[in-house]
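So the structure is just underneath, and the comments pick up after that.
The values are calculated or read from the model by the stated rules, or taken from the named source; none is laboratory data. What you see is a predicted model; the values in this text were computed from it and never measured. No Cβ is skipped: glycine too gets one built from the backbone with ideal geometry, and neighbour counts run over all protein chains shown. Only protein heavy atoms, including side chains, enter the accessible area calculation; ligands, DNA and RNA are left aside. Shrake-Rupley method; radii C 1.70, N 1.55, O 1.52, S 1.80 Å.
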Amino acid sequence: MQCDSKSAAIFPITVPVDNSLKSFNFYLVQSAETLTLIDAGMNNDSCWNSLLHTLQEQNLSLSDIDQIFLTHHHIDHVGLINRITSECSIPVYAHPYAYPRLKRDETFLQKRIDFFEELYKTADCGEKGEQQVAYLKKAMYKNQHQAIRTEIMPFPSFGHDFTIIDVPGHSEDQVGFFHEPSGVLFAGDLLINHISSNAIIEPGVETTYSYPLLQHMESMKKVMQLKPDVIYSGHGTVIHDAESLIRQRLDAIDHKAEKFLQLISDGYTTANTLAKTYYNKAYDSQFSLVMSEIIGHLQYLENNKRIQKEMTDGVWHYHLT
Ligand SMILES: [Zn+2]
């Protein structure tokens, strides 16, 4: 295939899924000199077969892939790495904050467990929090087979087609790949066309605390400044009007924060009571995501000096300023 230096041919690999994400998307990008695989789907046969099929359609094979770039460490973006690299030796690049997660480093996983234990205690989550921590402890060993076996390297500083942009929030290691000549941005899960992407609370690799929603908002604003023509997302369809989608997402965050503010003034003063009251059934079925949402928005309100928190008997209580 011919590509001049300005263009890149993009071959999306879109694997439909029967849940709210709609699809797992990953991408082959052919530029003049390099074939890059951006992300690597889930570890299942549908993703594997779709990858092989997309390569075949272009008269390419696995061994033609020069490099694999990862937008972030989540399981639905790195699933095929072990399978691919056990067949072909292809260098894999990611943000350094992805390494301990991809390698399932025990020290980091233990730090993560301690982090959530403390987080849920101070949020007054009681038994529900303890159950979640017990689940994390089990998963630490049970999911060890998901560790990425090949070496993961930092993105090379030159010699590739993309500007690499940090877009943390959904995960602290999330990056976007901007192909400037064509105005195309691969942004992982920073933006999803049909649903709002979650800012997920996690301990940092270098820090003990994280501010995922604040980071997520900054990352969206950064991308708005970039004015990409097209954003290829980790899920769902291609995004053509990034600016209006980002404005919608930022407005929705403000709107939700106002609702939490109202609940706090109604006397729901802990993260746990806010979560139960606002999310109702989802509190049970999606506990960790719900707590991320609540704590992220509380941090946002605190940051805007709309609320303050005070610790009483080991639990944070929030009140209006
Ligand atoms: Zn994803």
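Considering region 22-45 alone, what residues qualify as being outside any strand (DSSP E or B), under 19 Å from residue 232 (Cβ atoms) and either in contact with a Pro (Cβ under 9 Å, 6 or more places away or on another chain) or at pLDDT below 95 (or both)? Scanning region 22-45 gives 22, 31, 34. Each residue in region 196-213 was checked for being open to solvent by 20 Å² or more (accessible area, probe 1.4 Å) and either aromatic (Phe, Trp, Tyr) or in contact with a Leu (Cβ under 8 Å, 6 or more places away or on another chain) (or both), and 4 of them qualify.
Scanning region 105-138 for residues being open to solvent by 50 Å² or more (accessible area, probe 1.4 Å), in contact with a Phe, Trp or Tyr (Cβ under 9 Å, 6 or more places away or on another chain) and not charged (D, E, K, R) gives a total of 1. Only residues that are open to solvent by 20 Å² or more (accessible area, probe 1.4 Å) and either more than 16 Å from the ligand (Cβ to nearest atom) or among the aliphatic types (A, V, I, L, M) (or both) were counted in region 21-33, giving 4. Residues that are in contact (Cβ under 8 Å) with a residue 60 or more places away in the chain and part of a loop (DSSP other than H, G, I, E, B) were ranked within region 91-104; the one that is surrounded by the most Cβ atoms within 10 Å (Cβ to Cβ) is 94.
Go through region 175-184 and count every residue that is in contact (Cβ under 8 Å) with a residue 40 or more places away in the chain and more than 16 Å from the ligand (Cβ to nearest atom). So the count comes out to 6. The single residue among 290, 315, 223 that is touching an Asp or Glu at 6+ places or on another chain (Cβ under 6 Å) and closer than 24 Å to residue 210 by Cβ turns out to be 315. Taken over region 196-237, the residue count meeting the criterion of being more than 16 Å from the ligand (Cβ to nearest atom) and in a loop (DSSP other than H, G, I, E, B) is 13. Exactly one residue out of 266, 313, 254 is open to solvent by 50 Å² or more (accessible area, probe 1.4 Å), at pLDDT 95 or above and within 18 Å of residue 120 (Cβ to Cβ), and it is 313. Going through (1) within 16 Å of the ligand (Cβ to nearest atom); (2) open to solvent by less than 20 Å² (accessible area, probe 1.4 Å); (3) β-branched (Val, Ile, Thr) one by one, residue 17 falls short only on (2). Within region 1-14, restricting attention to residues that are at pLDDT 90 or above and either among the small types (Gly, Ala, Ser) or under 21 Å from the mean Cα position of the chain (by Cα) (or both), the residue that is surrounded by the most Cβ atoms within 10 Å (Cβ to Cβ) is 13.
Applying a threshold of 7 Å to beta carbon distances and a minimum spacing of six or more residues, or different chains, the list of pairs starting in region 22-41 at a residue that is not assigned by TED's automatic domain parsing to the domain that holds residue 63 and ending at one that is open to solvent by less than 10 Å² (accessible area, probe 1.4 Å) and more than 12 Å from the ligand (Cβ to nearest atom) is empty.
Would you please name the residue that is nearest to the chain's Cα centre (by Cα), looking only at residues in region 53-62 that are exposed (fewer than 14 other Cβ atoms within 10 Å of the Cβ) and in a helix (DSSP H, G or I)? Among those that are exposed (fewer than 14 other Cβ atoms within 10 Å of the Cβ) and in a helix (DSSP H, G or I), it is 53.
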